[in-house]
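Structure record follows, encoded as structure tokens.
The values are calculated or read from the model by the stated rules, or taken from the named source; none is laboratory data. Worth saying up front: this structure is predicted, and the values here are computed from it rather than measured. When we count neighbours, we look across all protein chains shown, and the Cβ atoms used for this are built from the backbone with ideal geometry, even at glycine.
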Amino acid sequence: MRKIVITGAAGLVGQNLVARLKARPDFELVGIDKHAANVALFRQAHPDVTMIEADLAVPGAWAECFAGADTVVVNQAQIGGLFLDEFVANNVTATEHILAAAHADAVPYVVGISSSVVNSSADDFYTRTKTTQEKLFDACTISHVTLRPTLMFGWFDRKHLGWLRRFMEKAPVFPIPADGNFTRQPLYVGDLVSIIVASIEQRKTGTFDISGLEKFPTAA
């Protein structure tokens, strides 16, 4: 039985990853998330999985669950918000605490969920803090893989394409950045989950962009 600790477990990726992994008899899952409403939904959907409600930016008893862990999936993320402090706390400080706890308990493997924005021309709180987070992964001496997924969609999607869909339902005009020629190929969250599972099983190392390479012609 291998213990897999998943941070941000009640979000888009976490919910789908747990749904996939809990069917495996060889895995013991522990989820951690700080959002009370999402934690409640998680416990309804996965009553058989241990869930810890905790803010990882604050040291606490949550670190005790790392003892005996085989893998930590660093998946928590501040995606939206108005204040830099929120992004620093969730994307940077929490990651520092997670990696420190993993080191303290000699966890042998880490899956770091970064973002494709680190390769983009964007300059905002999310991009800056995810770039800093990736540097923490790079400096980590634990065997690890860093995955850079792009915009995702799928079950439990409320912040990504789900938000765009709800916006289109209410707004008569949908804004398109600049000349509209930006390439964007959304990623199905189930495909990212498959990559995470394969990484856990194969102990993959390195940094990988999880983005589509195909370009689809647009109507004239």
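Is it the case that GLY31 is at pLDDT 95 or above and of a type outside the set (Phe, Trp, Tyr)? So GLY31 fits the description; yes. Taking the criterion of being surrounded by 14 or more Cβ atoms within 10 Å (Cβ to Cβ), in a loop (DSSP other than H, G, I, E, B) and modelled with pLDDT under 95, would at least one residue in region 171-180 satisfy it? Checking region 171-180: not a single residue is surrounded by 14 or more Cβ atoms within 10 Å (Cβ to Cβ), in a loop (DSSP other than H, G, I, E, B) and modelled with pLDDT under 95.
One residue alone among ALA89, ALA63, ALA106 is modelled with pLDDT of 95 or more, closer than 26 Å to GLU201 by Cβ and assigned to a helix (DSSP H, G or I), and that residue is ALA63.
Would you pick out the residues in region 41-88 that are surrounded by fewer than 14 Cβ atoms within 10 Å (Cβ to Cβ) and among the aromatic types (Phe, Trp, Tyr)? Scanning region 41-88 gives a single hit, PHE83. Just wondering, is there one or more residues in region 34-44 that are touching a residue at least 12 places away in the same chain (Cβ under 8 Å), hydrophobic (A, V, I, L, M, F, W, C) and in contact with a Lys or Arg (Cβ under 8 Å, 6 or more places away or on another chain)? No, every residue in region 34-44 fails to be touching a residue at least 12 places away in the same chain (Cβ under 8 Å), hydrophobic (A, V, I, L, M, F, W, C) and in contact with a Lys or Arg (Cβ under 8 Å, 6 or more places away or on another chain).
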